[in-house]
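Taking it in order: structure first as structure tokens, then the write-up.
Any read-out appearing in this document is the output of simple, stated calculations on the displayed coordinates, not a laboratory observation. Here the structure is a predicted model, which is why all the values come from computation and not from measurement. Glycine gets a Cβ as well: all are built from the backbone with ideal geometry, and neighbour counts include every protein chain shown.
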Amino acid sequence: MRSSTSIYTLMLIAVLGISCAQSQQQQEYASPKGYNLKEPERFKMEDDLLEISGITFNKGDNKTIYAIEDEDGKLFYGHPSDRMKTGHTKFAKHGDYEDVAICNERVIVLKSNGKLYTFPLSEIKEQELSNVHEHTDLLPAGEYESMYADDAKNKLYVLCKNCDDEKTTQSSTGYIFDVLPNDSLKQAGTFKIEVSQITKLIKDDKIKFRPSAMAQNPMTKQWFIVSSVNSLLVVANQNWQVTNAYALNRKNFLQPEGIAFDSRGNLYISNEGDEFSRGTILKFTYFGKR
């Protein structure tokens, strides 16, 4: 028979073990300040948006969310809700379209090869658009999935996922453009996300950072960057210095490919579906200071 002291010791070890495991789990799935990533409001998409790849709002107005999917060259729009009903318009041929933004009433769509498409927001209720401008040779050769437009500054930001001219184990390069009134885009600078800053936070020095979406938080001005391949949400300050990195729970984040904020700071992350699950948009209500 074990002594009472031995039994007490075993019980103490068990309790400490459970406590440590819970602490690690909480740390693994922590949330950015002002949000709870464990409790989303979930909007299921129609079949046409199974492969939803990018989302945005116009001036942060959450009455209408705009979305694209990987293949069909269509812009979808509708009020975010469960089993969201959408309208759509065709802007281009079949292709790999990865993100969408709106700047001063112009829709901008990013193709994975770096091509950009712009067209008037006012014309999206047409079945097929004719006034579409295709912008080529603005970005270096590579793969792109992340884009954000700053309506107030007339700036467009594009972040490379995997570019030929960089080592993605070291950094991800971003490109800044002025959005001009004549529907043209002018190069206005670059920025970098240093992967070493992420590896220090997640303690994994072998990571190859693959950003799939980005947006700026209107409340804090921080940059939120999703990396679907790495199951990460990376937060950087206004100067692109990484301050936090959060592991994403695959239970909620099946394949996060899009991110947006509304004007009240609420966070939206879209997920591609699969043969078992619909595509979704998850809403996380902001409870920080406004």
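Helical runs assigned H by DSSP (4 residues or longer) give the chain a calculated mean residue ellipticity at 222 nm of -4000 deg cm²/dmol, each run adding -39500 (n - 2.57) before division by the residue total. In terms of the Cα gyration tensor, with a ≥ b ≥ c the square roots of its eigenvalues, is segment 59-109 rounded because a/c is under 1.5, prolate because a/b exceeds b/c, or oblate? Taking the square roots of the gyration eigenvalues as a ≥ b ≥ c, segment 59-109 is oblate.
Arranged by the count of other C-beta atoms within 10 angstrom, fewest first, what order do Trp223, Trp240 take?
Fewest to most other Cβ atoms nearby, the residues stand as Trp240, Trp223.
Were the residues from Asp205 through Lys289 laid out at 0.36 nm apart, the gain over their Cα-Cα distance would be 26.8 nm. Given the options Ser112, Leu129, Asn249, identify the residue whose Cα lies farthest towards the positive end of the charge dipole of the chain (+1 on Cβ of Lys, Arg; -1 on Cβ of Asp, Glu). Of Ser112, Leu129, Asn249, it is Asn249.
Could you tell me the convex hull volume per residue, in Å³, taken over the Cα atoms of segment 181-285?
Details: hull volume 15.3 nm³, N = 105.
It is 146 Å³ per residue.
Every Cα-Cα pair in segment 35-284 was counted, and those over 23 Å apart are 45% of them. Loop-located trypsin sites (Lys or Arg not before Pro) in segment 102-193 (DSSP state other than H, G, I, E, B) with a sparse environment of at most 16 neighbouring Cβ atoms within 10 Å: Lys125, Lys153, Lys167.
Could you put Thr243, Thr199 in order, starting from the residue whose Cβ has the fewest other Cβ atoms within 10 Å?
By the 10 Å Cβ count, ascending, the order reads Thr243, Thr199.
Taking 20 Å as the cut-off, the amide N atoms of segment 148-163 that come nearer than this to a point 7 Å along the Cα-to-beta-carbon line of Asn104 belong to 148-158. Database remark: amide H of Glu69 closer than 5 angstrom to the amide H of Ser53, Lys74 (H placed geometrically; neighbours at sequence offset of 5 or more, or on other chains; Pro and chain starts carry no H). The length gained by stretching the chain between Asp183 and Glu41 to full extension, at 0.36 nm per residue less their Cα-Cα distance, is 47.5 nm. Principal-axis analysis of the Cα atoms of the chain puts helix 4-28 at an angle of about 10° to the longest axis. Once the Cβ-Cβ distance of Ala141 and Phe191 is raised to the sixth power relative to R0 = 22 Å, the FRET efficiency obtained is 0.70.
Rounded to the nearest 20 debye, the dipole magnitude of the chain is 1440 debye, with +1 charges on Lys and Arg beta carbons, -1 on Asp and Glu beta carbons, and the Cα centre as origin. Take the Cβ-Cβ distance between Arg264 and Lys153 as r, set R0 to 22 Å, and report the resulting FRET efficiency rounded to the nearest 0.05. Calculated value: 0.60. Cross-link pairs exceeding 31 Å in C-alpha to C-alpha distance, out of Lys38/Lys93; Lys38/Lys63; Lys74/Lys203; Lys33/Lys74; Lys93/Lys206, comprise Lys38/Lys93; Lys74/Lys203; Lys33/Lys74; Lys93/Lys206.
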